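Reviewing the structure listed below.
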Amino acid sequence: MLNFNLTEEQQKLQQKARSFALKEVLPVAWYYDEQDELPMEVLRKAFDAGMIGSDIPKEFGGQGLSLMDSALITEEIAAACPGLATSIFDSSLGMEPILLSSNTDAKNKYLPAIAKDFKLAAFATSEPTMGSDVAGIRCRAVADGEDYILNGTKYWITNGGVADYLSVFATIDPKSRHEGICAFLLETKWPGITIGRAIPKMGQRCSNTVGINFKDVRVPKENILAPPGEGFVLAMKTFARTRPIIGSFGVGAARAALEYALDYAKKRRAFGMEISAFQAIQFKLAEMYQKVETSRLLTWKAAWDSDQQLDGRVSASISKLYATETALEVVNEALQIFGGYGYTKMFPIEKILRDVRLLRIYEGTSEIQRLILADYLLKEYQSALPPLEDLPLHRLHDPRNEKAASSAGKVWRCRICGHVHYDETPPVECPYCFFPHTAFKEIQ
Ligand SMILES: Cc1cc2nc3c(=O)[nH]c(=O)nc-3n(C[C@H](O)[C@H](O)[C@H](O)COP(=O)(O)OP(=O)(O)OC[C@H]3O[C@@H](n4cnc5c(N)ncnc54)[C@H](O)[C@@H]3O)c2cc1C
């Protein structure tokens, strides 16, 4: 049964997140964007307001919110600042491999600290020479007794400069690709870990992004999240749960741009009237609105799939792909509605455009989402309709006249061009594509 109503608790949660976003995020977002700085005090406030790590199960001291709840929170914060939304959500990304692993000791030790003590977790698969190709990880994990020694560099690590914990994916042998990938939970204060300088970025400048180097970092066996051969699947399972939230970033950012554009269009005058009176502007607004609404439905569906323990890989990819691509289109059209002012730093659109551009890149680029969907279609998708060569298209016989249809004799279809031949035998060759009779298949 379908139900698109939010529960009373979810409506309260949405309202709470909106109030937090309007009070604590929106007023400071442009300042920290200009400063290229992650405001830790805002993260602290987000933690105190229950917006960070809220999806940690109650048994580990968290609120046990669903992914659907997280999608509601994230949309509101992203509407105020996609960069801060990234940093606020990042701890959920960082702790997801712990949650999904079978290492109960690590869960008992680290999840309560994230839930209760404002400890931040970050997530690290990407490296300076690798992002999309997760099986191509080079960071080396060498067994030393039951421990592992890590050497290598991770790059693009969101919150890496401020995180206490890191979910790190490494390999026992780069040549073994998927089979070699393993995962560990590291504490950033451990010896041998060096945090790089904050990477200067085009947008999402309120979020911290760094490289992290590991030199002979000893990881005790208690901190293994996935042994060699199981790390790749763990990373993919993590993405299946986190990609819907990237979709929510897109929904929030696009909704903000739409709301600003709507406001501007109702006030800006040209040719003696408000520009909202022009049908060209109305059509833009209508397109933007339908994209925001569609994106929200897709992200909610993907989050719901995950909450129902269904296989959410495909819906996660669809929501991430659609919501992030349309977010860019919506923000771009908002900028157009603002005219020249859209291109200035005096109005919010240029920042949202810079921020939103990242969404098509991290947590699997749009191209990678398309690869995932194409792979699913080609290998797993179950068609409901019959194969083309078995299609019962009897164009010459009236289906209401059963007698005529049954006296039609045999029917053959050319598998190459689709021509249908009515006779006891197939033709010697197809009169359209000239393939021989062997190309014909009898259909019922
Ligand atoms: C600000 C920021 C924050 C990030 N945060 C994190 C983080 O916290 N943790 C983390 O691990 N990573 C993080 N990333 C890394 C991010 O996930 C990668 O940048 C992303 O996966 C793409 O990898 P890449 O940059 O190496 O590009 P590449 O993989 O080198 O790809 C380059 C281009 O080629 C395309 N491409 C690659 N392979 C294929 C293919 N088979 N078919 C078609 N096209 C292909 C890509 O789509 C892309 O357009 C972050 C990145 C940024 C910019």
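Every number here is computed from the coordinates shown, using simple stated rules; none is lab data. Keep in mind it's a predicted model, so treat the numbers as computed, not measured. Note: ideal-geometry Cβ built from the backbone for every residue, glycine included; neighbour counts use all protein chains shown.
Compute the distance in nm between two label points, each set 7 Å from the Cα along the Cα-to-Cβ direction, one at residue 380 and one at residue 11.
3.6
Helix-only estimate, please: 222 nm mean residue ellipticity of the chain, summing -39500 (n - 2.57) across DSSP H runs of length 4 or more and dividing by its residues, to the nearest 500.
Working: 12 runs with 197 residues, N = 444.
Only helices count here, giving -15000 deg cm²/dmol.
Could you check what % of the DSSP bridge pairs in the chain are antiparallel, to the nearest 5?
Working: 36 of 41 bridges.
Bridges in the chain are about 90 percent antiparallel.
Take residue 44 and residue 417, extend 7 Å from each Cα along the Cα→Cβ direction, and tell me the distance between the two endpoints in nm.
A separation of 7.7 nm, rounded to one decimal place.
Can you give me the angle between helix 313-337 and the longest principal axis of the chain, using Cα atoms only, in degrees from 0 to 90, rounded to the nearest 10?
Taking Cα atoms only, the helix is inclined about 80 degrees.
Quick one: which residues, 5 or more positions from residue 126 or on another chain, have an amide H under 5 Å from its amide H? H modelled 1.01 Å from N in the peptide plane, none for Pro or chain starts.
Under 5 Å from the amide H of residue 126 lie the amide H atoms of 155, each far enough along the sequence or on another chain.
Pop out the ³J(HN,Hα) list for region 86-101 in order, Karplus 6.51 cos²θ - 1.76 cosθ + 1.60 with θ = phi - 60°, rounded to Hz; leave Gly and Pro as x.
4, 5, 5, 6, 4, 5, 5, 4, x, 8, 4, x, 5, 4, 7, 7
About its Cα centre, what dipole magnitude does the chain give when the only charges are +1 on Lys and Arg Cβ and -1 on Asp and Glu Cβ, stated in debye to the nearest 20?
Computed charge dipole of the chain: roughly 800 debye.
Could you grab the Rg to Rh ratio for region 34-170? Cα atoms only, Kirkwood for Rh. Please report the intermediate quantities before stating the final value.
Numbers: Rg = 15.7 Å, Rh = 15.9 Å.
Expressed as Rg/Rh, it is 0.99.
What order, most packed first, do the peptides 266-279, 308-321 have when packing is the mean number of other Cβ atoms within 10 Å of each residue?
Values: 266-279: 11.9, 308-321: 21.2.
Result, highest mean Cβ count within 10 Å first: 308-321, 266-279.
Sorted by packing (mean other beta-carbon atoms within 10 Å per residue), highest first, where do 140-150, 333-343 land?
333-343, 140-150
Using the count of nearby Cβ atoms within 10 Å as a rough guide to exposure, how do 430, 182 rank from fewest to most?
Values: 430 21, 182 25.
Lowest count first: 430, 182.
As a quick test, which of the pairs 116/291; 116/237; 266/291; 116/351; 119/175 have an alpha carbon distance above 31 angstrom in this structure? Before the final figure, lay out the partial values.
Working: 116/291 37 Å; 116/237 25 Å; 266/291 20 Å; 116/351 33 Å; 119/175 35 Å.
Pairs exceeding 31 Å: 116/291; 116/351; 119/175.
How far apart, in nm, are the 7 Å Cα→Cβ label points at residue 441 and residue 147?
With each label placed 7 Å out from Cα toward Cβ, I get 6.2 nm.
Could you tell me how many degrees, from 0 to 90 and to the nearest 10, lie between the Cα long axis of helix 279-307 and the main elongation axis, the longest principal axis, of the Cα atoms of the chain?
That works out to roughly 80 degrees.
Got the relative contact order for region 290-394 handy, in percent, Cα pairs under 8 Å and 6 or more residues apart?
Once normalised by length, the contact order is 24 percent.
Can you tell me which of 97-108, 151-162, 50-61 comes out highest on packing, and rank the rest after it, using the mean Cβ neighbours within 10 Å? Don't skip to the end; give the middle numbers.
On the way: 97-108: 18.2, 151-162: 21.8, 50-61: 20.0.
Highest-to-lowest ranking by the protection proxy: 151-162, 50-61, 97-108.
Can you tell me the dipole magnitude for region 233-274 around its Cα centre, using point charges on the Cβ only (Lys, Arg +1; Asp, Glu -1), in Debye to the nearest 20? Let's see the in-between values first.
Details: 8 positive and 3 negative charges, 22 e Å.
The calculated dipole for region 233-274 is roughly 100 debye.
Calculate how steeply helix 67-80 sits against the longest principal axis of the alpha-carbon atoms of the chain, using the helix alpha-carbon long axis, and give the answer as 0 to 90 degrees to the nearest 10.
70
Would you kindly compute the Cα radius of gyration of region 250-383 and its largest Cα-Cα separation (Dmax), both in Å?
Rg, Dmax (Cα atoms, Å): 17.3, 58.
Under the rule of at least 5 residues apart or a separate chain, name every residue whose amide H is placed under 5 Å from the amide H of residue 49.
The answer is none.
Using a ≥ b ≥ c from the Cα gyration tensor of the chain (square roots of the eigenvalues), is it rounded, prolate or oblate, where a/c under 1.5 gives rounded and otherwise the larger of a/b and b/c decides, a/b for prolate? Numbers along the way, then the final one.
Working: a/c = 2.28, a/b = 1.37, b/c = 1.66.
Oblate, because a/c is 1.5 or more while a/b does not exceed b/c.
So what's the gap between the Cα centers of region 306-380 and region 208-240, to the nearest angstrom?
26
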